[in-house]
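Written out below as structure tokens is the structure these notes cover.
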Amino acid sequence: MPTIGVLALQGDVREHARSLEAAGARAVAVRRPAELEAVDALIVPGGESTTMWKLADAFEMLEPLRARIKAGMPTYGSCAGMIMLADRIEGGIEGQQTIGGIDMVVRRNAFGRQIDSFEASLDFAGRGPLRAVFIRAPWVDSVGPDVEVLGVAEPGDRIVAVRQGPLLATSFHPELTGDARVHSYFVEMVREL
């Protein structure tokens, strides 16, 4: 049973932990570099990407996160976590940094403000339709040649799920639906890598 950390600086930590356990993994909260070193993989949850970046910097987690991801640690980012895993962002605040790792450009709050939040049905990684919850969600403007697109959503067939090697990202919140298929996909990735 893999031990998967959930970055517990901000966001849907408990919800991701429940989804991981439903998918057959042991979930632990990660707030410090020593806790990061003790996990097999990591989830960077939704929340607010600028706040998450500032907290990761304040808690001296930014460089350890970058180092583990560069070394190949499987990592899944949802919503703000997708932004944090992007190599480049559009619509960020001045000086905003990411952890990086996925060769993509992500547009912050692309689907609109909180009031514009919505649910949609989409095919994720060929696993049939699932209900996706989008809350102030980003979308992916472009991807590099090594990035696999795993899901698109209306309007405009926007890219909302990607994978590059051991890194997975979605602009939606699967932890809020009770459907553990995205987390199961990630747990399978961790077991294979």
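The values are calculated or read from the model by the stated rules, or taken from the named source; none is laboratory data. Just so we're clear, the structure is a prediction, and the values are computed from it rather than from any experiment. Here Cβ is always computed from backbone atoms with ideal geometry, including for glycine, and neighbour counts include all displayed protein chains. With ligands, DNA and RNA removed, areas are computed over all heavy atoms of the protein, side chains included. Shrake-Rupley method; radii C 1.70, N 1.55, O 1.52, S 1.80 Å.
How would the chain be classified by its alpha-carbon gyration tensor: rounded, prolate or oblate, with rounded meaning a/c under 1.5 and the a/b versus b/c comparison settling the rest?
Rounded shape, in that the Cα axes give a/c under 1.5.
Carbon and sulfur together cover what percent of the accessible area of region 30-108 at a 1.4 Å probe radius?
In region 30-108, the share of accessible area belonging to carbon and sulfur is 47 percent.
Just the accessible area per residue of region 31-168, please: how many Å² with a 1.4 Å probe? Can you show the working numbers first?
Details: 6200 Å² over 138 residues.
It amounts to 45 Å² per residue over region 31-168.
Quick one: work out the % antiparallel among DSSP beta bridges in the chain, nearest 5.
Just about 50 percent of them are antiparallel.
If you count only protein heavy atoms and use a 1.4 Å probe, how large is the accessible surface of R127, to the nearest 10 Å²?
Rounded to the nearest 10, that gives 80 Å².
Placing +1 at every Lys and Arg Cβ and -1 at every Asp and Glu Cβ, with all other atoms neutral, what dipole size does the chain have around its Cα centre, in debye to the nearest 20?
Using only the charged Cβ atoms, the result is roughly 260 debye.
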